[in-house]
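See below for the structure under consideration.
A short reminder: the numbers here are calculations on the coordinates, not readings from a lab. Treat the numbers as computed from the prediction; the structure is a model and nothing was measured. Counting neighbours? That spans all protein chains shown, and the Cβs are built from the backbone with ideal geometry, glycine included.
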Amino acid sequence: MRKANVTVCENAQGQVTILYKRQSLKYTIYRKQERQAEVVSSKSLDHKLKSPTRPPDDHPWRKYGYHLNGKPIQEAVPHGSD
């Protein structure tokens, strides 16, 4: 059916019928694609970007270097530093 001529009919209620050789075809309606992001000039870019938010005090990266019980991890002494 590539490059076949079809007739698209719409009645007063807005119902669409697609005809091929006087027989109606089944079809599905796809959702329209969302618009792409807006193009912004470099001069106004600072106003459009959101400033980073500070992570909360209980964020995991704030606990780096500590055990789960909250005590700091002991630094290992390198070999040959006597």
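Relative contact order of the chain, taken over Cα pairs closer than 8 Å and 6 or more residues apart, is 11 percent. Ellipsoid fit via the Cα gyration tensor, the chain: semi-axes of 67, 22, 16 Å, each the root of five times an eigenvalue, largest first. Helical content alone sets the calculated 222 nm signal of the chain at -500 deg cm²/dmol, taking -39,500 (n - 2.57) per DSSP H segment of four or more residues and averaging over every residue. Evaluate the distance, in nm, between pseudo-label points positioned 7 Å from the Cα of E75 and of R35 along their respective Cα→Cβ axes. Each label point lies 7 Å from its Cα, and together they span 5.6 nm.
Candidate cross-link partners of K26 among the lysines, defined by an alpha-carbon separation under 30 Å and a same-chain spacing of 8 or more, comprise K3.
In terms of packing, defined here as the mean over residues of other Cβ atoms within 10 angstrom, the peptides 60-70, 25-35 line up highest first as 60-70, 25-35. Each of A4, T28, P56 was scored by the projection of its Cα onto the charge dipole of the chain, and the greatest displacement toward the positive side belongs to A4; charges sit on the C-beta of Lys, Arg, Asp and Glu.
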